[in-house]
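The values are calculated or read from the model by the stated rules, or taken from the named source; none is laboratory data. A quick note: this is a predicted structure, and the numbers were derived from the prediction, not measured. Glycine also receives a Cβ, built like all others from the backbone with ideal geometry; neighbour counts cover every protein chain displayed. With ligands, DNA and RNA removed, areas are computed over all heavy atoms of the protein, side chains included. Shrake-Rupley method; radii C 1.70, N 1.55, O 1.52, S 1.80 Å.
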Amino acid sequence: MGAPLLEVENLKVHFETEDGLVKAVDGISYTVDRGQTLGIVGESGSGKSVSSLTVMGLTRSRNARISGTVRFNGKDLLGASEEDMRSIRGNDIAMIFQDPLSSLHPFYKVGAQIAEGVRAHRDVSKAQAWDRAVEMLSLVGIPEPRKRADAYPHEFSGGMRQRAMIAMALANDPKLLIADEPTTALDVTVQAQILELIERLQSEFDTAVVVITHDLGVVAEMADEISVMYAGRIVEKADTDTIFAAPEHPYTWGLLSSIPRLDASRDEELVPIPGRPPSLINLPGGCSFHPRCPYVREAHKKVDPKLEPVAGNPGHQSACLLDSSVRRKLWSELRTGVKPDEARADVMAAEEKAV
Amino acid sequence: MAAYIARRLLWVVFLLFTITCITFVIFSVLPSGDPAVARAGRSPSPQLVEVIRVQLGLDKSKPEQFINYIGDILPFVGGNGIYLGFSYQNNTDVLPEILERLPVTIFLATGAVILWLSIGIPLGVLSAVKTGSALDRIAMGIALLFISAPVYFFGLVALYLFDDQIGIWPILPGNSAYGEADSLLGKAEALIMPWCVLAAAFAAIYARFLRGNLIDTLQEDYIRTARAKGLSERRVIFRHGVRAAITPIVTLLGLDIGILLGGAILTETVFNIPGIGRYAFNAITVSDLPVIQGTVLFGAFFIVMMSLIVDILYAFIDPRVRY
Amino acid sequence: MSTGTGASDLLHADDHGIDQIVAGEAPVAARSPLALFWRRFRKDKVALVALTFIVLLVLVAILAPVIRNLVGAPPPGQTSTDALDDFGLPQGPTSEHLFGVDSIGRDIFARVLDGARVSLLVAFIGTGLSVTIGVTLGMIAGFFRGWVDTLIARVIDILLAFPVLLLGLGLASACSTKDGCLGGALEPGLTIVIFIIVLSNWPYVARIIRGQVLSLREKEFVEASRSLGAGNMRIIFREILPNLVAPIIVYASLFIPANILLEAALSFLGVGVTGQASWGQMLSEATGKIDTAWWYMFFPGMALLLTVLAFNLVGDGMQDALNPKGNKQK
Ligand SMILES: Nc1ncnc2c1ncn2[C@@H]1O[C@H](COP(=O)(O)OP(=O)(O)OP(=O)(O)O)[C@@H](O)[C@H]1O
Ligand code: SF4
Ligand SMILES: [Mg+2]
């Protein structure tokens, strides 16, 4: 299938602040193929938004230090001129955001805001652009689109606003859509509808999608591949089935046990990951997850784990210093509902004796 | 919309009524001395004081006085049109005197408004877009300087430097020039210095205000959306940023115009411009209470009306506040 | 009638920034908000210089009589025809009269010093009273809600819609006749000026405090304290008030320069301070004399300019320190 649509290599985004250097994104790499869906998952502050805004060329803070490469369709984006980036944004790569109310301009009609995006890239008349806006609104399932195009964002409901954002993003048939927490600000019932809509449109337009979320449940259905981010790095990466069936990073396990499972009984507890995300200025030495990791060993506080393929599956990568066999044993206990502490006692005590 | 306007109108009527009551209290209830003497101005003759006492009905009870006062002000009550009192010192009715001076004040205010908007707005936008640049620092430094001293000090400095009679560089007509000029052009020339002095202070305020607003606005999510659509930076800043950031300026401008139309008292005093403000100032120096009371009421009326206009205008500019 | 730009500057004060000060919890948990604030403020060199200037100015105002004696200047009210030249015109700066004399031979240096006392006194007392009243009423409204809140909120609305300064000017002139107002309760001079200041300032303070308290009282730490059995007074003074210190300081720093200008404007118009020298009054007297005695307008004017500028710089610095922005991108 040739070169991937989007290639991100060793991307770093650091911010110089009064308090020190904030390593918001610290060397991440991923690729997205045409028509494919990538999920990027991680807690708040792990650098998901910063990394995708950087891909769009929208990290504008003067204190930002950006390095690495971003190639789209073979073209280098980080070195591209502002004018080139402008013609790519909203045209080849489009983006939708978390809060659709604050993301739409309060003073302009929804139709006008969509039409404006069309006219930024197509040489069409105002009327044609407006028609396109109406067409898109109807495509995303807004009833009476011609009438609603004439309304202001505050006259829409939350779900309708996000639909309008999607309409705006897809109006120019982009090859890549980046959805940054598209459902976080919405009601649970609406969330599913919006995800379905994105999936439907994606297959209709053959758009590649990057979905950013802190909730693995959101990407379970739609993503082909998932990258798990922690403190500015990717700590695990695999196809979706593998992430759910055979994850090999303690942080991913934590994320998995903190999503409600449809098959689990209602009263089964959700276990949030204990502790808080680290300061991005003073990252803990060694494995940056170690202060929160139930399976940490002395050595992990000094050695920085690399993202490496796990044994037997080159497409599955994990950044954990534990031996793959140990990780698998731990997971097989955890998935049956054993608590992390007990799993640790069971598996690691035995292993430590063997050493 | 109609309901909204009706509500604002009621509010305005309420405010005007309250203001009228308060002026009555200020000028007829609070002062401790003999009101007839107070109204007569400095060192009046006993006969005049008696005449005033009878004419104004000051021998009647306060409530009766208040009803007469309201009747005087309301156009269709009492058969005397709008009556804002009589100046015993000048032997003239107050309202015609005010109206005669209104064009001068309007002329002064209009020129200053145009000047300060055309300086303040571009400067505010530029400073916001280039935050932290040398231009921003210098512009905001100067703005702070202009905000920090009153117009009458800068007015005096301007006269000292540029007045064509006493100035170090005598290039502009200055003190009292407006009254002496007989052509429209001459009057305009006489206003150059006051316009600049008045506009400098306001331009500084507006530039700072707009800059702060625009910096905040440019951090908004919808600006990120505009950029993500691939709009040009120009369009992002002007159509999306400035459009939102400038809206509150309407409120500010309305209030400031209202205040100035009631008399730019400090500016008119320093440059001796025969507008409403100067009229009020002269009245203050000779304690001509009827004139002060009349100008205060007149000014208050402008301020309240402008706030009404602004409220209604705002509903058109910001779709969110409708109704 | 516009009583100077100071008045409209108040209208422009955006409380938006102040909302954020309270809303944003201290990012570094270990440091108190005030310590953090001071750490940021200290980096602002210009504001520090301005603050130093203000401290010196306050000292100068307090020690005015001592300083006057040190330089050998006569008392501010003393007239002397010796200082006028043969044509009866005032003299410019000399070693005897550092800032020259005015048209009746009073020493301008001594009068500028005296004016500093008036300016600072009026500004500090006026601002202090406004803040006290505004905070008290704002807290009562926000904390107890119900009909008290409705009442206070209405009064605030009305006062904010009123041309308070214009009516204040009317009041000042009506009461500047020698008998004063209310049988002498409101005397011409300082009392009236402070009264006007308080009347025009407190609604702004009360409005912002009310909003803050309304949101603070719902916060977890207040709930927690309540569930531990803390009474209203304890919650107000131990939980809520400490969180309002920062916005109160910022608001006060906005009001002080505006109030200095307001006092100067009223005195310039002849309805402000009486009986002692004030900068506004000196500028008013200097108006007709700029061609013969530039020093007459220059020194009081510069004193006013520098003082207000210093307060504005400190105020700006405080706002920046409490609400750092510009390097954060969403
Ligand atoms: N301009 C900036 N200067 C300094 N730090 C920044 C800047 N922009 C972002 N950051 C920091 O970078 C880190 C990563 O932020 P990012 O928005 O990418 O997180 P996220 O994973 O998207 O989280 P969320 O789920 O909350 O959206 C945060 O800690 C943030 O404070
Ligand atoms: S390297 Fe050690 S600390 Fe880090 S995730 Fe693996 S087990 Fe935990
Ligand atoms: Mg994010």
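Where helices (runs of 4 or more DSSP H) fall wholly inside region A:174-247, the ranges with 1 or more residues that are more than 30 Å from A:VAL310 (Cα to Cα) are A:188-205. When C:ARG238, C:ARG234 are checked against the criterion of being touching a residue at least 12 places away in the same chain (Cβ under 8 Å) and part of a helix (DSSP H, G or I), C:ARG238 stands alone in meeting it.
Consider region B:117-135 and keep the residues that are within 11 Å of chain C (Cβ to nearest Cβ) and touching a residue at least 24 places away in the same chain (Cβ under 8 Å). The one that is surrounded by the fewest Cβ atoms within 10 Å (Cβ to Cβ) is B:THR131.
Checking each residue in region A:156-185 for being within 16 Å of A:ALA112 (Cβ to Cβ) and either at pLDDT below 90 or within 16 Å of ligand 3 (Cβ to nearest atom) (or both) picks out only A:MET165.
Each row is one residue, and each column tells you yes or no for (1) within 16 Å of ligand 1 (Cβ to nearest atom); (2) over 20 Å from the mean Cα position of the chain (by Cα); (3) modelled with pLDDT under 95.
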residue: A:LYS75; (1), (2), (3): no, yes, yes
residue: A:LEU78; (1), (2), (3): no, no, yes
residue: A:GLY90; (1), (2), (3): no, no, yes
residue: A:PRO100; (1), (2), (3): yes, no, yes
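Between C:SER176, C:SER215, the distinction of being within 14 Å of chain B (Cβ to nearest Cβ) and open to solvent by 10 Å² or more (accessible area, probe 1.4 Å) belongs to C:SER176 only. Being open to solvent by 30 Å² or more (accessible area, probe 1.4 Å), touching a residue at least 60 places away in the same chain (Cβ under 8 Å) and not acidic (Asp, Glu) is a condition met by at least one residue of region B:260-273. State which residue is nearest to the other protein chains (Cβ to nearest Cβ) when the search covers only region A:31-59 and only residues that are more than 16 Å from ligand 3 (Cβ to nearest atom) and open to solvent by 10 Å² or more (accessible area, probe 1.4 Å). Among residues in region A:31-59 that are more than 16 Å from ligand 3 (Cβ to nearest atom) and open to solvent by 10 Å² or more (accessible area, probe 1.4 Å), the one nearest to the other protein chains (Cβ to nearest Cβ) is A:GLY57. Among residues of region B:277-292 being more than 7 Å from chain C (Cβ to nearest Cβ) and either in contact with a helix residue (DSSP H, G or I) (Cβ under 6 Å, 6 or more places away or on another chain) or under 16 Å from B:ILE22 (Cα atoms) (or both), the one that is most open to solvent (accessible area, probe 1.4 Å) is B:ARG278.
For the condition without any contact (Cβ under 8 Å) to a residue 24 or more places away in the chain, within 16 Å of ligand 3 (Cβ to nearest atom) and within 14 Å of chain B (Cβ to nearest Cβ), A:SER102 qualifies. Open to solvent by 30 Å² or more (accessible area, probe 1.4 Å), among the hydroxyl-bearing types (Ser, Thr, Tyr) and either more than 14 Å from chain C (Cβ to nearest Cβ) or more than 10 Å from ligand 2 (Cβ to nearest atom) (or both): does that describe A:SER288? For A:SER288, the condition - open to solvent by 30 Å² or more (accessible area, probe 1.4 Å), among the hydroxyl-bearing types (Ser, Thr, Tyr) and either more than 14 Å from chain C (Cβ to nearest Cβ) or more than 10 Å from ligand 2 (Cβ to nearest atom) (or both) - is not met. Looking at A:GLU308, A:GLU298, A:GLU333, A:GLU342, just one residue is open to solvent by less than 80 Å² (accessible area, probe 1.4 Å) and not aromatic (Phe, Trp, Tyr), and that residue is A:GLU333. Taken as a whole, the condition of being more than 16 Å from ligand 3 (Cβ to nearest atom), open to solvent by less than 50 Å² (accessible area, probe 1.4 Å), of a type outside the set (Asp, Glu) and under 18 Å from the mean Cα position of the chain (by Cα) does not apply to C:ALA286.
Looking across C:MET297, C:MET302, one residue alone is open to solvent by less than 30 Å² (accessible area, probe 1.4 Å), at pLDDT 85 or above and within 11 Å of chain B (Cβ to nearest Cβ). It is C:MET297.
The residues on offer are A:SER61, A:SER52, A:SER102, A:SER87, and the sole one that is away from ligand 2 (no atom under 16 Å from the Cβ), assigned to a helix (DSSP H, G or I) and within 17 Å of A:ALA24 (Cα to Cα) is A:SER52. Among the residues that make up region B:91-114, is at least one of them over 22 Å from the mean Cα position of the chain (by Cα) and at negative phi? Scanning region B:91-114, I find at least one residue that is over 22 Å from the mean Cα position of the chain (by Cα) and at negative phi, so the answer is yes.
When A:LEU11 is tested against the conditions (1) within 16 Å of ligand 3 (Cβ to nearest atom); (2) buried (at least 22 other Cβ atoms within 10 Å of the Cβ); (3) in a loop (DSSP other than H, G, I, E, B), the lone failure is (3).
Restricting attention to region C:179-194 and to residues that are more than 7 Å from chain B (Cβ to nearest Cβ) and out of contact with any helix residue (DSSP H, G or I) (no Cβ under 8 Å at 6 or more places or on another chain), the residue that is surrounded by the fewest Cβ atoms within 10 Å (Cβ to Cβ) turns out to be C:ALA185. Within region B:170-186, does at least one residue satisfy the condition of being within 23 Å of the chain's Cα centre (by Cα) and open to solvent by less than 10 Å² (accessible area, probe 1.4 Å)? Checked region B:170-186: at least one residue is within 23 Å of the chain's Cα centre (by Cα) and open to solvent by less than 10 Å² (accessible area, probe 1.4 Å). Quickly run through region A:283-298 and pick out the residues that are over 19 Å from A:LEU330 (Cα atoms) and either within 16 Å of ligand 3 (Cβ to nearest atom) or out of contact with any His (no Cβ under 8 Å at 6 or more places or on another chain) (or both). Of everything in region A:283-298, those that are over 19 Å from A:LEU330 (Cα atoms) and either within 16 Å of ligand 3 (Cβ to nearest atom) or out of contact with any His (no Cβ under 8 Å at 6 or more places or on another chain) (or both) turn out to be A:LEU283, A:GLY285, A:SER288. Residues in region B:202-253 that are among the basic types (Lys, Arg) and either out of contact with any helix residue (DSSP H, G or I) (no Cβ under 9 Å at 6 or more places or on another chain) or surrounded by fewer than 20 Cβ atoms within 10 Å (Cβ to Cβ) (or both): B:ARG234, B:ARG235, B:ARG239, B:ARG243. In region A:60-73, the qualifying residues are those that are of a type outside the set (A, V, I, L, M), within 14 Å of chain C (Cβ to nearest Cβ) and touching a strand residue (DSSP E or B) at 6+ places or on another chain (Cβ under 6 Å), and the one that is farthest from ligand 1 (Cβ to nearest atom) is A:ARG65. The residue pairs whose first member lies in region C:136-150 and is over 18 Å from C:PRO242 (Cα atoms), whose second member is of a type in the set (Lys, Arg) and open to solvent by 40 Å² or more (accessible area, probe 1.4 Å), and whose beta carbons are closer than 8 Å, counting only pairs six or more residues apart or on different chains, are C:ASP149/C:ARG210.
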